[in-house]
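Step one of this worksheet: look at the structure below.
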Amino acid sequence: MALYSDKVMDHFRNPRNVGAIEDADAIGEVGNAKCGDIMKIYLKIENDIIVDVKFETFGCGSAIASSSMATELIKGKPLSEALNLTNKAVTEALDGLPAHKIHCSVLAEQAIKSALKDYYTRNNIEYDHDLIPDDVECAHCHD
Amino acid sequence: MKIYADNAATTRTSRTAIDAMIPYMESIYGNPSSLYEFGQEAKVALEDARSRMANILGCEPREILFTSGGSEADNQAIISAAYLGAKKGKKHIISTSVEHHAVLHTLNKLAKEGFEITLLPVEPITGLITASQVEAALREDTALVTVMYANNEIGTIYPISEIGAVCKAHDVIFHTDAVQAVGHININVKEENIDMLSLSAHKFHGPRGVGALYCRRGINLTNIIEGGAQERGKRAGTENLPGIVGMTVALEEAVANIEKTTCHLLPLRARLIAGLSKIPHSSLNGDKVSRLPSNVNFCFEGIEGESLLLLLDDKGIAASSGSACTSGSLDPSHVLLAIGRVHDVAHGSLRLSIGEDITESDIDYIIESVASVVEYLRNMSPIWRDLVNGKREFIL
């Protein structure tokens with residue numbers, strides 16, 4: 001299908017890091033069923049490094065591909081790097097997304113931030129509220 | 001394996017239609033409005049096509065207007081009836097909440113011009129309406145009733161002749177968008193008291209870009225396209241003669257085979273519905289009985305339709321969905337919402353519209369493929385996890 005790049009189709013057909021981590025150190029979930037996409041990110045963290053990451057996504061092809069790519073981009077990386085992951089980086093790594101699907105990459109960025117927020121909150125660690133808004137939500141649903 | 005199961009979107013143009021069209025591009029290419037022989041031959045072919053179309057629908061040739069397709073026919077029918085009504089101070093129109101956008105968006109436009117639109121609610125799941133619902137909604141100032149013959153998404157067939165009788169008794173114009181029905185169901189406009197009917201060639205193995213509007217004699221049409229005096233001055237533009245001939249031939253072929261096609265499709269449709277019903281937490285959309293022989297539409301809980309379509313495409317199956325992601329808007333199909341499916345479930349819909357050449361083994365392959373793709377997507381869906389763990393209640 002010409003709608004998506006080969007990269008998107010590859011990550012959609014063979015998503016990396018699918019599943020759940022039962023003893024996750026942090027879990028983030030964004031989106032809602034009404035809009036048609038929900039992303040859930042599970043993190044395993046050791047010494048401020050993301051040693052494992054898994055995702056579950058309910059959504060369209062680009063939502064699944066964005067989740068897969070986002071998990072690849074943060075796996076093995078320090079938390080500080082994951083915190084700075086932007087939707088633009090996800091989109092670029094996927095060789096682009098159609099304009100009306102950009103929100104899928106936004107959702108992926110937010111899902112990771114939501115998981116990081118969970119980690120910081122669980123461990124009483126101060127974090128930058130500019131990088132993680134208090135209300136991490138699927139923006140396009142509330143336009 | 002390649003299975004085309006999206007015949008409600010468009011169909012393969014039949015060989016007979018293609019062969020019939022070629023002479024009107026290669027040799028009889030004149031403009032039907034021209035006086036010389038090239039043109040006059042074309043004119044004869046044009047009027048021959050009109051008579052044959054009229055013969056199939058059970059009307060007079062002069063009651064057939066050729067258009068660019070179903071959307072144009074819907075627009076022109078509705079606007080014409082509305083403006084005729086307005087001249088007599090009648091500015092109320094009755095329709096349903098499950099019409100095609102060609103109808104609904106035209107009605108929205110008329111609402112902005114001061115017309116009052118009543119959209120009848122449909123029965124949950126089946127999507128049906130009754131003639132008595134229409135009768136109860138009629139008012140002194142009702143100018144038009146427009147109800148589709150068969151629904152493009154859920155396949156429900158509406159009680160058109162009953163509604164036609166009600167409209168006739170109350171002297172209200174009755175239009176039906178029969179784009180999904182013509183060529184698939186036997187239709188006679190006079191017997192069914194239909195005043196106006198829209199049809200589109202590419203839904204019955206004719207070419208794209210051509211359709212027709214049947215308009216009962218005595219109903220004055222308003223032009224949508226202004227210009228030359230073609231189509232009795234009611235639709236300007238040089239006639240698409242190859243398309244018109246192709247449409248006519250395709251319709252004759254489809255109508256001649258209606259019984260055969262229906263007998264072939266009904267058991268296969270039943271097999272497909274039975275097979276997909278075995279997928280847990282799934283549900284059929286549309287009526288079980290009053291339904292197009294080609295249509296199967298299901299909702300599967302916990303998954304989203306676009307990913308379902310992409311993975312089915314990988315397996316060689318072409319289908320369609322009413323999810324928001326495939327519609328390009330934030331909301332899933334208005335038809336699925338109108339039949340009472342909530343957003344969460346409507347996003348996980350699948351429409352299969354099978355064609356004449358489908359086989360039993362194709363059906364079994366579709367069932368097997370859909371079941372495995374649904375299971376695969378559910379296994380990566382956080383909603384499905386919550387449903388299974390009892391954190392969220394199953395709807396289906």
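Semi-axes of the equivalent ellipsoid of segment A:1-59: what are they in whole Å, largest first, if each equals the square root of 5 times a C-alpha gyration tensor eigenvalue? Could you put the intermediate results ahead of the total?
Numbers: eigenvalues 121, 52, 14 Å².
Semi-axis lengths for segment A:1-59 are 25, 16, 8 Å.
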Practice task
Note down the nm distance, to one decimal, between modelled labels 7 Å out along Cα→Cβ at B:VAL342 and at B:THR359.
Solution key: 4.3
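What does the C-alpha gyration tensor say about the overall shape of segment B:38-103? Classify as rounded when a/c is under 1.5, otherwise prolate if a/b is larger than b/c, or oblate.
Working: a/c = 2.54, a/b = 2.08, b/c = 1.22.
Taking the square roots of the gyration eigenvalues as a ≥ b ≥ c, segment B:38-103 is prolate.
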Exercise for the section: Find the Cα radius of gyration of chain B, compare it with 2.2 N^0.38 Å by division, and give the number to two decimals. Expected result: 1.03
Exercise for the section: Report the chymotrypsin sites (Phe, Trp or Tyr not before Pro) located in segment A:91-128 that are in a DSSP loop and have at most 15 other Cβ atoms inside 10 Å of their Cβ, or state none. Expected result: A:TYR127
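If we count GluC sites (Glu not before Pro) as exposed when they sit in a DSSP loop and have at most 10 other beta carbons within 10 Å, what is the longest stretch of chain A that avoids them all?
Working: sites that count: A:GLU22, A:GLU126.
Formally, the longest exposed-site-free interval is A:23-125.
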Completion exercise
The convex hull of the Cα atoms of segment B:1-92, divided by residue count, gives a volume in Å³ per residue of 163
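If the convex hull of the alpha-carbon atoms of the protein assembly as shown is projected onto planes in all directions, what is the mean projected area in square nanometres? Mind dumping the intermediate values first?
Values: hull surface 109.6 nm².
With the hull built on Cα positions only, its mean projection is 27.4 nm².
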Handout entry: Ratio Rg/Rh, restricted to segment B:249-288 and using Cα atoms, in which Rh is the Kirkwood radius
Key = 1.18
Exercise for the section: Choose one of B:HIS202, B:GLY227, B:LEU265: the residue whose Cα lies farthest towards the positive end of the charge dipole of segment B:201-280 (beta-carbon charges +1 Lys, Arg; -1 Asp, Glu; about the Cα centre). Expected result: B:LEU265
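Would you please classify the overall shape of segment B:122-266 from the alpha carbon gyration tensor, given that a ≥ b ≥ c denote the square roots of the eigenvalues, rounded means a/c under 1.5, and beyond that prolate means a/b larger than b/c while oblate covers the rest? List each step's numbers first, then the result.
Details: a/c = 2.15, a/b = 1.13, b/c = 1.91.
In terms of gyration-tensor shape, oblate.
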Exercise for the section: State log₁₀ I(q)/I(0) for segment A:41-143 at q = 0.16 Å⁻¹ as given by the Debye formula over alpha-carbon point scatterers of equal weight, solvent excluded. Expected result: -0.65
Exercise for the section: Provide the net charge surrounding B:LYS315, with neighbours chosen by a C-beta distance below 11 Å and charges set as Lys +1, Arg +1, Asp -1, Glu -1. Expected result: -2
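With the alpha-carbon atoms as the only input, what is the per residue convex hull volume for segment B:293-378 in Å³? If you can, show how the numbers build up before the last one.
Working: hull volume 7.8 nm³, N = 86.
Here the figure is 90 Å³ per residue.
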Problem - Residue order, fewest to most beta carbons within 10 Å, for B:ASP19, B:ASP314, A:ASP10 - result: B:ASP19, B:ASP314, A:ASP10
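How large is the dipole of segment A:23-138 about the Cα centre if only Lys and Arg carry +1 and Asp and Glu carry -1, each at its Cβ, rounded to the nearest 20 debye?
Values: 11 positive and 20 negative charges, 73 e Å.
For this selection, approximately 360 debye.
Name the GluC sites (Glu not before Pro) in segment B:158-202 that are in a loop by DSSP and that have at most 16 other C-beta atoms within 10 Å, would you? Each step should come with its number before you reach the end.
Values: sites: B:GLU162, B:GLU191, B:GLU192; in loops: B:GLU191, B:GLU192.
Counting only loop positions with at most 16 other Cβ atoms within 10 Å, the GluC sites (Glu not before Pro) in segment B:158-202 are B:GLU191.
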Practice task
Could you please report the charge total around B:ASN186, scoring K, R as +1 and D, E as -1 over all other residues with beta-carbon less than 15 angstrom from its beta-carbon?
Solution key: -3
Fill in the blank from the handout: Inter-part gap, Cα centre of segment A:36-96 to Cα centre of segment B:128-165, in whole angstrom, is 50
Handout entry: All lysines inside 19 Å of B:LYS288 as judged from Cα atoms, apart from same-chain residues fewer than 8 positions distant
Key = B:LYS278
Handout entry: Theoretical ellipticity at 222 nm over chain B - DSSP helices of four or more residues, -39500 (n - 2.57) apiece, nearest 500
Key = -12500 deg cm²/dmol
Practice task
Return, for the Cα atoms of segment B:307-347, the radius of gyration and Dmax in Å, separated by a comma.
Solution key: 11.0, 31
Problem - For chain B, built as a Gaussian network whose Cα springs stay under 10 Å, the top-fluctuating residue of B:THR126, B:THR176, B:THR238 - result: B:THR238
Completion exercise
Cβ-Cβ cut-off under 13 Å around B:GLY286, Lys and Arg +1, Asp and Glu -1: the net charge is +2
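For chain B, give the magnitude of the charge dipole about the Cα centre (Cβ charges: +1 Lys/Arg, -1 Asp/Glu; no others), in debye to the nearest 20. It would help to have the intermediate numbers written out before the result.
Working: 36 positive and 48 negative charges, 107 e Å.
About 520 debye.
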Problem - Members of B:LYS112/B:LYS203; B:LYS43/B:LYS234; A:LYS7/A:LYS40; B:LYS168/B:LYS234; A:LYS113/B:LYS315; A:LYS75/B:LYS2 lying beyond 28 Å, as alpha-carbon distances in this model show - result: B:LYS112/B:LYS203; A:LYS113/B:LYS315; A:LYS75/B:LYS2
Exercise for the section: Quick one, could you list the DSSP H helices from chain B stretching 15 Å or more along their long axis (Cα atoms) with average Kyte-Doolittle hydropathy of -1.0 or above? Expected result: B:37-57, B:70-87, B:101-112, B:241-256, B:258-277, B:360-379
Exercise for the section: Run the dipole for the protein assembly as shown about the Cα centre, Lys and Arg Cβ at +1, Asp and Glu Cβ at -1, nothing else charged, and hand back the magnitude in debye, nearest 20. Expected result: 1240
Completion exercise
Mean-square fluctuation maximum in Gaussian network of chain B, Cα pairs under 10 Å, restricted to B:ILE185, B:ILE93, B:ILE224, hits B:ILE224
Exercise for the section: Write out the chymotrypsin sites (Phe, Trp or Tyr not before Pro) in segment B:10-48 meeting two conditions: DSSP loop, and at most 15 other Cβ atoms within 10 Å of their Cβ. Expected result: B:TYR29, B:TYR36
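Read-outs: derived from the displayed coordinates by stated rules, not from any lab. Please read these numbers as outputs of a predicted model, since none were measured by experiment. Backbone-built Cβ (ideal geometry, glycine too); neighbour counts: all protein chains shown.
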